[in-house]
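K.L.:
Just passing along the structure, written as structure tokens.
The values are calculated or read from the model by the stated rules, or taken from the named source; none is laboratory data. Remember, predicted model here, so these are calculated numbers, not experimental data. Cβ: placed from backbone, ideal geometry, glycine included. Neighbour counts: every protein chain shown.
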Amino acid sequence: MSTLLADPPVSDAMAHAAAAEREQLRARFLQLVLEAQRTVLPDNLDPLFHPWGHALPDPATAGERLAAQLAILDRCTTLWRRLGDDRSRELFLRFLAYRALGPAHVRLQYEALDYRRAVVELSVKAIAEAGVLGVPGLPLEWHFHVYDLSVAGYPLRVIGQQLPLASTFTLSQYAYRDLDVGAFPRPGDVALDVGGCWGDTALWLAHHVGDDGQVHTFEPTPRNRALLERNLALNPGVAPRVRVWGDPLAPVAGESVWVRDTVSAGAQMQGELPGEDPHGRESVELRTETIDALVERGALPRVDFLKIDVEGADVGVLEGAAQTLVEQRPRLALACYHKPDDLVRIPDLIADLGLAYRWYLQCSTMTPVDTVLFGVPVVPAVR
């Protein structure tokens, strides 16, 4: 059975307490914004993520952005009350302040020098073969190389780019860095990698779940999936633990969607056939699946660890896993930066299912991109 969180009837006293809590949170956030406006951070731009230059927000529209973030803050009652530590609370407020003011005024989690050293050192030490995959138009920083990740403690070889690989293997993008929290894949887990892209996360998961675990990685874009399969072939020791699915996961099974077939970490599903692509990329029609349907028919034996990072379709994947979430209460690692209200909708969806989860927030770049919301069930599932 799930752990229920039914809200009691709201008395006048409770309503006043909730209003006071909201005002205190707004005051704390506005104080952070005020202090940030007085601060200039010349080292906080991220040339690794933005090699062509990091555009700054227009100061003339700062008020509109601040109002938008205050509106999000007011709706984040569920998340705020269930954030598990002070580090996550501070990052949550900084995340909203960053969206209001931009990188020149707000630092998220990483000091610039520590972050850049982690990314660059991985490339310096781990590149085993340079330039193995050419993609026209990409800057030098985004070229594909073969990385030998044994220098980072992983006996893996992966074709990829420096920043995604550093985020996954060095900066712990999909495992909360405070290990006492328990928001990470464990030996023997059945782990889902929703948004498999080029296979680096699937291999990272396969390493952690071990010989007794399974990884089910979902990557609908054919060219991305071909590179994912190529990376599995480079790692025969762990590849048998990984099953590759070409199905796009969604709230409802059996619906048609389309995707541009390109080697890209930002491929998005579209509900109708796109028009002609100026770059000549083919659009591929696919049929949706749901996690619940796959579990119900035994294609997935269970779900212990669920990672979702699918370019704005993240909440929809969770909606299609509602029964599985209630029955199995997996640990969650969910991208929460694609849409402005992800930090509202994700915790509210889980709470509406009657589930008690504790939430933790973490960044693995110097921008909001790759910010992940980790969910740990208060009462874990029994296998």
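K.L.:
Restricting attention to the stretch 336-383, and to residues there that are out of contact with any strand residue (DSSP E or B) (no Cβ under 8 Å at 6 or more places or on another chain) and among the basic types (Lys, Arg), which single residue is modelled with the lowest pLDDT?
P.N.:
Among residues in the stretch 336-383 that are out of contact with any strand residue (DSSP E or B) (no Cβ under 8 Å at 6 or more places or on another chain) and among the basic types (Lys, Arg), the one modelled with the lowest pLDDT is Arg383.
K.L.:
Tell me which residues, restricted to the stretch 135-160, are at pLDDT 95 or above and in a loop (DSSP other than H, G, I, E, B).
P.N.:
Matches in the stretch 135-160: Gly153, Tyr154, Pro155, Leu156.
K.L.:
Also, I was wondering about something else. Which one of these is in contact with a strand residue (DSSP E or B) (Cβ under 8 Å, 6 or more places away or on another chain), part of a helix (DSSP H, G or I) and hydrophobic (A, V, I, L, M, F, W, C): Leu66, Leu79?
P.N.:
Just a single option satisfies the conditions, and that option is Leu79.
K.L.:
Considering only the stretch 341-349, I want to know if a residue exists there that is surrounded by 23 or more Cβ atoms within 10 Å (Cβ to Cβ) and closer than 27 Å to Ala104 by Cα.
P.N.:
Taking the stretch 341-349 first, the residues surrounded by 23 or more Cβ atoms within 10 Å (Cβ to Cβ) are 343, 346-347.
This time we only want the ones that are closer than 27 Å to Ala104 by Cα, so: 343.
Yes, the stretch 341-349 has at least one match.
K.L.:
Output the residues belonging to the stretch 303-336 that are touching a residue at least 60 places away in the same chain (Cβ under 8 Å), under 21 Å from Gln268 (Cβ atoms), not small (Gly, Ala, Ser) and not in a helix (DSSP H, G or I).
P.N.:
Correct list: Leu306, Lys307, Ile308, Asp309, Val310, Glu311.
K.L.:
Being in contact (Cβ under 8 Å) with a residue 12 or more places away in the chain, assigned by TED's automatic domain parsing to the domain that holds Lys307 and over 20 Å from the mean Cα position of the chain (by Cα) is true for just one of Pro274, Pro236, Pro240. Which residue is that? Don't jump to the end; show me each part of the working.
P.N.:
On the way: Pro236 fails: in contact (Cβ under 8 Å) with a residue 12 or more places away in the chain; Pro240 fails: in contact (Cβ under 8 Å) with a residue 12 or more places away in the chain.
Answer to the selection: Pro274.
K.L.:
Also, quick follow-up: Of the residues Ala202, Ala183, Ala128, Ala152, which single one is under 26 Å from Gln270 (Cα atoms) and either in contact with an Asp or Glu (Cβ under 8 Å, 6 or more places away or on another chain) or in contact (Cβ under 8 Å) with a residue 12 or more places away in the chain (or both)?
P.N.:
Details: Ala183 fails: under 26 Å from Gln270 (Cα atoms); Ala128 fails: under 26 Å from Gln270 (Cα atoms); Ala152 fails: under 26 Å from Gln270 (Cα atoms).
Matching residue, one of Ala202, Ala183, Ala128, Ala152: Ala202.
K.L.:
Let me ask you something else. Residue check: is Gln69 within 21 Å of the chain's Cα centre (by Cα) and over 16 Å from Gln362 (Cβ atoms)? Before the answer, list the steps.
P.N.:
Values: within 21 Å of the chain's Cα centre (by Cα): yes; over 16 Å from Gln362 (Cβ atoms): yes.
In short, yes.
K.L.:
Out of all the residues in the stretch 15-24, is one or more aliphatic (A, V, I, L, M), part of a helix (DSSP H, G or I) and crowded, with 19+ Cβ neighbours inside 10 Å?
P.N.:
no
K.L.:
Would you call Phe29 under 25 Å from Gly266 (Cα atoms), touching a residue at least 12 places away in the same chain (Cβ under 8 Å) and of a type in the set (A, V, I, L, M, F, W, C)? I'd like the intermediate steps shown before the answer.
P.N.:
Working: under 25 Å from Gly266 (Cα atoms): no; touching a residue at least 12 places away in the same chain (Cβ under 8 Å): yes; of a type in the set (A, V, I, L, M, F, W, C): yes.
Criteria not met by Phe29.
K.L.:
Exactly one condition in (1) buried (at least 18 other Cβ atoms within 10 Å of the Cβ); (2) modelled with pLDDT of 95 or more; (3) acidic (Asp, Glu) is false for Glu296; which is it?
P.N.:
Condition (1) is where Glu296 drops out.
Here's the yes/no breakdown for (1) of a type outside the set (A, V, I, L, M, F, W, C); (2) more than 19 Å from Ala126 (Cβ to Cβ); (3) surrounded by 20 or more Cβ atoms within 10 Å (Cβ to Cβ):
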position: Tyr147; (1), (2), (3): yes, no, yes
position: Ser150; (1), (2), (3): yes, no, no
position: Pro155; (1), (2), (3): yes, no, no
position: Leu163; (1), (2), (3): no, no, yes
position: Ser167; (1), (2), (3): yes, no, yes
position: Leu171; (1), (2), (3): no, no, yes
position: Ala183; (1), (2), (3): no, yes, yes
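K.L.:
Say we look at the stretch 94-115 and pick out the residues that are touching a Cys at 6+ places or on another chain (Cβ under 9 Å) and either in the same structural domain as Thr365 (by TED's automatic domain parsing) or in a loop (DSSP other than H, G, I, E, B) (or both); which of these is farthest from Asp341 (Cα to Cα)?
P.N.:
Filtering the stretch 94-115 for residues that are touching a Cys at 6+ places or on another chain (Cβ under 9 Å) and either in the same structural domain as Thr365 (by TED's automatic domain parsing) or in a loop (DSSP other than H, G, I, E, B) (or both), the one farthest from Asp341 (Cα to Cα) comes out as Tyr110.
K.L.:
Just need a number here: residues in the stretch 44-57 that are within 17 Å of Val106 (Cα to Cα) and either among the aliphatic types (A, V, I, L, M) or touching a helix residue (DSSP H, G or I) at 6+ places or on another chain (Cβ under 9 Å) (or both).
P.N.:
8
K.L.:
Could you tell me whether Ala202 is part of a helix (DSSP H, G or I), surrounded by 15 or more Cβ atoms within 10 Å (Cβ to Cβ) and touching a Ser or Thr at 6+ places or on another chain (Cβ under 6 Å)? Please lay out each step first, then the result.
P.N.:
Working: part of a helix (DSSP H, G or I): yes; surrounded by 15 or more Cβ atoms within 10 Å (Cβ to Cβ): yes; touching a Ser or Thr at 6+ places or on another chain (Cβ under 6 Å): yes.
Judged against the criteria, Ala202 is a match.
K.L.:
Pick from Ala68, Ala112: which is modelled with pLDDT under 95 and among the hydrophobic types (A, V, I, L, M, F, W, C)?
P.N.:
Details: Ala68 fails: modelled with pLDDT under 95.
Of the residues listed, the single one that is modelled with pLDDT under 95 and among the hydrophobic types (A, V, I, L, M, F, W, C) is Ala112.
K.L.:
Let me ask you something else. From the residues in the stretch 142-178 that are of a type outside the set (Phe, Trp, Tyr) and in contact with a Pro (Cβ under 8 Å, 6 or more places away or on another chain), which one is farthest from Ala128 (Cα to Cα)?
P.N.:
Let us first name the residues in the stretch 142-178 that are of a type outside the set (Phe, Trp, Tyr), namely 143, 145-146, 148-153, 155-168, 170-173, 175, 177-178.
Those left that are additionally in contact with a Pro (Cβ under 8 Å, 6 or more places away or on another chain): 149, 175.
On the way: Leu149: 9, Ala175: 26 Å.
Looking at the filtered set, the residue picked out is Ala175.
K.L.:
Given (1) assigned to a loop (DSSP other than H, G, I, E, B); (2) more than 21 Å from the chain's Cα centre (by Cα); (3) among the hydrophobic types (A, V, I, L, M, F, W, C), where does Val132 come up short, assuming only one miss?
P.N.:
That leaves (1) as the condition not met.
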